[in-house]
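The structure appears below as structure tokens.
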Amino acid sequence: MMNWLDSHCHINDEAFRDDLDQVLDRMVENDVKKAMIISSYIEDFESGLNISHPEIEFKRSLGIYPGDVNDVDEALFERYASLYEDDRCQAIGEIGLDYHWDKDNKERQKEIFERQLKIAERLGKPVIIHSRDAIQDTYDLMKKYKNEGVMHCYSDSAEMAVEFVKLGYYISISGTVTWKNAKEPLRVIRSVPLERLLIETDCPYLTPSPNRGKRNEPSYVVYTGRKICEELGLNEEDFRKQLNENYHRLFRL
Ligand code: NI
């Protein structure tokens, strides 16, 4: 049996401080055997290096989150940039633009995003993109560079998803596809080729049904995976195999 995987989780978040061991055990019980741990802060990246389980393959990513750009000076930027060269940092992200929470610093967000895209291109490392209420600006900057990567927690239109696929990106679907009001996510999964799809929890956020309202965790990624199988009429084992191929291709494992 091929395993499930979580292409984007924050299990180094303080939400997991008290029961991480049980969270990891539940991953194994639910056959979630691979996960990409995303860090927005250097201290989290470093503490994330200590997370391990004999039956789970963890990979790690670091990036300056768009909501934090006002707090990043040159010295701090350089510390991130030197960690991007570290072999233990398999991807750069999440990076991108977020105009939902912050509209007053668009130029600074774009500058920090673009500089990170450039570094990723030079290093040949995949990028993990966060974009909220900023899809056109995100696309315009991404188009300038020859990166590969993933649109994490993709929440825009099916039409734009197709454009990102043309740029060479993957589309990662979160638990929102399981929610009752999900309409566009269902159009997205029908528009994107299977060899470009990924799934994720983004835990502790965006908990899929039927656990909505609780803290999210990597083992819940199976709800998202099964929902996609049901909607697309896919055999679960075939879909798991496809997800593993996509994950390995994207993150060069
Ligand atoms: Ni995230």
Provide a single number: the residues in segment 1-41 that are within 16 Å of the ligand (Cβ to nearest atom) and outside any loop (DSSP other than H, G, I, E, B).
13
Considering only segment 52-83, state which residues are in a loop (DSSP other than H, G, I, E, B) and within 16 Å of the ligand (Cβ to nearest atom).
Gly63, Ile64, Tyr65
If the Cβ limit is 8 Å and pairs must be 6+ apart or interchain, which residue in segment 235-253 that is without any contact (Cβ under 8 Å) to a residue 60 or more places away in the chain pairs with which residue that is β-branched (Val, Ile, Thr)?
Phe239/Ile228
Single residue of segment 144-153 satisfying the filter (of a type outside the set (Val, Ile, Thr) and in contact with a Pro (Cβ under 8 Å, 6 or more places away or on another chain)) that is nearest to the ligand (Cβ to nearest atom):
Gly149
I'd like to check something: does segment 186-208 contain any residue that is modelled with pLDDT under 95 and surrounded by 14 or more Cβ atoms within 10 Å (Cβ to Cβ)?
yes
Report whether or not Glu94 is surrounded by fewer than 21 Cβ atoms within 10 Å (Cβ to Cβ), under 19 Å from the mean Cα position of the chain (by Cα), not in a loop (DSSP other than H, G, I, E, B) and not polar (S, T, N, Q).
no
Being charged (D, E, K, R) and either more than 22 Å from Ile129 (Cβ to Cβ) or assigned to a loop (DSSP other than H, G, I, E, B) (or both) is the filter; apply it to segment 176-214 and report the residue that is nearest to the ligand (Cβ to nearest atom).
Asp202
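The values are calculated or read from the model by the stated rules, or taken from the named source; none is laboratory data. Here the structure is a predicted model, which means the values were calculated and not measured. Positions of Cβ are backbone-derived with ideal geometry, glycine not excepted, and every protein chain shown enters the neighbour counts.
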